[in-house]
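No lab work stands behind these numbers, since they all come straight from the coordinates. None of these values were measured; they are calculated from a predicted model. Reconstructed Cβ throughout: ideal geometry from the backbone, glycine too, with neighbour counts over all protein chains shown.
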Amino acid sequence: MRLDPKLVHPSIFEATDGVMFNTNLASKDAKAQAEFQKEWFKEYGLWLLGWVAALVFAFVGAISFTAGQPKGVRVATILGILITMVSSLIAGLMVNRRRMSLKELETLLPILDLTETQRAYAQTVVALGNMGQSRGEIDETMRALNALLDEETRLLATRTRLSGSESQDERAHLASERERLAGKTSSAQDPSARAAFEQSLGLLDERLKSFEMQGTHLERIDAHLELLRQAVLATRDAARRLNGGAVVTAPDLATDSLRSAVALARAQTQATEAALAELRAI
């Protein structure tokens with residue numbers, strides 16, 4: 001069974017592309033790479049051999065057809081055939097990298113660069129593809145899983161903005177600024193100047209308080225990321241139980257849990273984004 005690129009989350013194909021071009025390997029697992037290469041040649045070896053045979057046949061035919069022709073004609077013909085064949089090979093490889101089989105994905109899993117939730121998702125995709133459930137039920141579960149991965153991406157992006165070096169530098173700058181303002185406030189002789197300094201200090205304290213709240217937001221984000229991961233794992237385990245012969249219905253695939261986890265995580269993302277916007281507006 002081949003993966004449907006319209007149903008599988010793009011992050012999985014991005015990870016497999018990294019392996020194809022040897023750029024995103026999570027480990028140097030030689031055994032896993034050898035298993036994948038074996039599976040790849042099993043899937044596409046015959047097609048590749050056919051391409052090589054067609055290339056040889058085309059070259060032989062071109063040489064025979066252009067026999068007696070000027071050298072320029074022979075070279076142009078051979079180059080044209082070579083360019084056409086290489087282009088067809090590249091086009092075929094580009095199309096097939098989005099038509100990966102479940103077995104290929106399974107063999108690639110140990111060396112894919114994925115988050116824990118993405119890895120659980122990929123394992124779930126394999127389990128769903130092997131369980132023999134109706135297409136409608138599988139599609140419904142896949143849509144819920146994809147929404148969950150989208151939400152994980154948003155949460156991770158928000159977490160990066162919260163815990164980035166820029167925020168850390170700004171927090172240190174505010175602390176230094178507060179110390180400077182506190183010194184000016186205590187040394188001010190003019191009552192009007194002192195009142196202005198005190199007002200500035202109050203505003204600065206509000207900004208510092210907002211930054212301290214980031215720790216709470218980070219904790220909540222981490223909690224919701226874990227919730228998303230556990231929801232995917234619950235669906236994966238349900239699909240695997242069905243593969244083992246257990247009677248599993250659509251609700252047992254934990255789609256309700258998936259939707260609930262996505263809704264909670266989305267609410268957390270929105271709340272954190274609102275807090276960030278308020279912080280930047282101060």
Quick one: if the Förster radius is 30 Å, what FRET efficiency do L46 and A267 give, using the C-beta to C-beta distance and rounding to 0.05?
0.05
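Tally Lys/Arg at +1 and Asp/Glu at -1 over every other residue whose Cβ is under 15 Å from the Cβ of A62; what's the total?
Values: positive: K71, R74; negative: none.
Surrounding charge for A62 is +2.
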Label-point separation in nm, E140 to L208, each point 7 Å along Cα→Cβ
5.5
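For a protection proxy built on the mean count of beta-carbon atoms within 10 angstrom, sort 213-226, 146-159, 4-17 highest first, please. Mind showing how you got there, number by number?
Working: 213-226: 15.4, 146-159: 19.0, 4-17: 17.1.
Top to bottom by mean Cβ count within 10 Å: 146-159, 4-17, 213-226.
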Cut-off is 10 Å between beta-carbons; in what order do I90, I138, I78 appear when sorted fewest neighbours first?
I90, I78, I138
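Please list 60-73, 188-201, 115-128 highest first by mean number of surrounding beta-carbon atoms within 10 Å per residue. List each step's numbers first, then the result.
Details: 60-73: 10.8, 188-201: 12.4, 115-128: 22.0.
Order by mean packing, descending: 115-128, 188-201, 60-73.
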